[in-house]
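Visitor: Below is the structure I would like to discuss, written out as structure tokens.
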Amino acid sequence: MNNSFKDIFNLRGKTAIVTGGTGILGRSFCTALASFGANIVVLDLIKEEVVDFSRELSKDFGVDSLGISCDITSESSVKKSIEEISSMFKTIDILHNNAQGKTVAVPFEECTLEDCRLTSSVNEEGYFLMAQAVGKKMIAQDIGGSIIQTSSIYGVLGPDHRIYEGATLDGKSMGTRAVYSFSKAGVVGLTKYLATYWADNNIRVNTLTPGGVQNGQSSNFIEQYSNRVPLGRMAKKEDMVGALIYLASDASSYVTGQNIVVDGGLEAW
């Protein structure tokens, strides 16, 4: 009988990289990983923010933490970051590809390729570059690892555009763009490819797909979205961390190529 089940979520001694680490969900994800004992590398664009947040994590959880300003759409920036991480930590055990590209609020018919690339350069090319760089490192280490990639409910479902009528976020009209949907769908495809490609190296690759997260949207949008969800509400940031810890830890040691959807049941109807 296995008496060590209580330890399967323990991340002590492992090193986790989180891209978009100071973003809406990124801070919660970094905090959760640190609270389970992982050393944290916070990757995002603004140096002061990643350094300050990494120091907070070290102070609060007694883990080693590093903040790196990195543009994940730049091959040279990614390479430099991985070299810096490798100089501080013996291994890289977990990658959470979580950064989110910007979107331009224009109708599909008027959207240019330049508009699209503000989103796809991060959601597709950035995820590709980070997975490639960390995957190479994990292969060289020869101890396996876990890669988790953040998609979106709109990467697996078409949006109900009616719920955006009259809705605002920070005083600006809300909407969702085609490039967001197809780039997030691509995240799921990349996950499945890499899960089979790196299976012999014991590198597990999975997707975490959040439903809509409440974050300052207007009350009419919150109500309209919540009415579409079986559990009757939008997600809180904290609702996502359980799935992340599961996928990052040995609790999911036989799970790869999967898309864990955390959406309050929206996909079910």
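Listed here are the residues, each with its yes/no results for (1) touching a residue at least 60 places away in the same chain (Cβ under 8 Å); (2) within 20 Å of residue 239 (Cβ to Cβ).
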position: 6; (1), (2): no, no
position: 14; (1), (2): yes, no
position: 17; (1), (2): yes, no
position: 34; (1), (2): no, yes
position: 45; (1), (2): no, no
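Visitor: Which members of segment 107-164 meet the condition of being farther than 30 Å from residue 269 by Cα and assigned to a strand (DSSP E or B)?
Guide: 145, 146
Visitor: Condition first: touching a residue at least 60 places away in the same chain (Cβ under 8 Å) and either open to solvent by 30 Å² or more (accessible area, probe 1.4 Å) or over 24 Å from the mean Cα position of the chain (by Cα) (or both). Now tell me which residues in segment 92-105 satisfy that.
Guide: Within segment 92-105, 100, 103, 104, 105 meet the criteria.
Visitor: Spot the failing condition for residue 113; the list is (1) in contact (Cβ under 8 Å) with a residue 24 or more places away in the chain; (2) out of contact with any Ser or Thr (no Cβ under 7 Å at 6 or more places or on another chain), and only one is missed.
Guide: So residue 113 meets the others, but not (1).
Visitor: Moving on. Just one of 52, 115, 60 is open to solvent by less than 80 Å² (accessible area, probe 1.4 Å), over 25 Å from residue 188 (Cβ atoms) and among the acidic types (Asp, Glu); which is it?
Guide: After applying the criteria, what remains is 52.
Visitor: Could you count how many residues in segment 64-91 are under 20 Å from residue 11 (Cβ atoms), in a loop (DSSP other than H, G, I, E, B) and open to solvent by 50 Å² or more (accessible area, probe 1.4 Å)?
Guide: Total satisfying the criteria: 2.
Visitor: Return the residue satisfying two criteria in turn: it lies in segment 199-212 and is open to solvent by 20 Å² or more (accessible area, probe 1.4 Å) and touching a residue at least 60 places away in the same chain (Cβ under 8 Å), and of such residues it is farthest from residue 244 (Cα to Cα).
Guide: Across segment 199-212, the extreme among qualifying residues is 201.
Visitor: If you check every pair at least six apart or on different chains, which have Cβ atoms under 8 Å apart with a residue in segment 53-73 that is over 18 Å from residue 25 (Cβ atoms) and at pLDDT 95 or above first and a residue that is open to solvent by 60 Å² or more (accessible area, probe 1.4 Å) and aliphatic (A, V, I, L, M) second?
Guide: Filtered contacts from segment 53-73: 64/88; 66/88; 69/45; 69/46; 71/45.
Visitor: Of all residues in segment 215-250, how many are outside any helix (DSSP H, G or I) and within 28 Å of residue 146 (Cβ to Cβ)?
Guide: Looking only at that region, the number is 6.
The values are calculated or read from the model by the stated rules, or taken from the named source; none is laboratory data. Model, not experiment: these values are computed from the prediction. Cβ atoms come from the backbone with ideal geometry, glycine included; neighbour counts cover every protein chain shown. Ligands, DNA and RNA are excluded from the accessible area calculation, which covers all protein heavy atoms including side chains. Shrake-Rupley method; radii C 1.70, N 1.55, O 1.52, S 1.80 Å.
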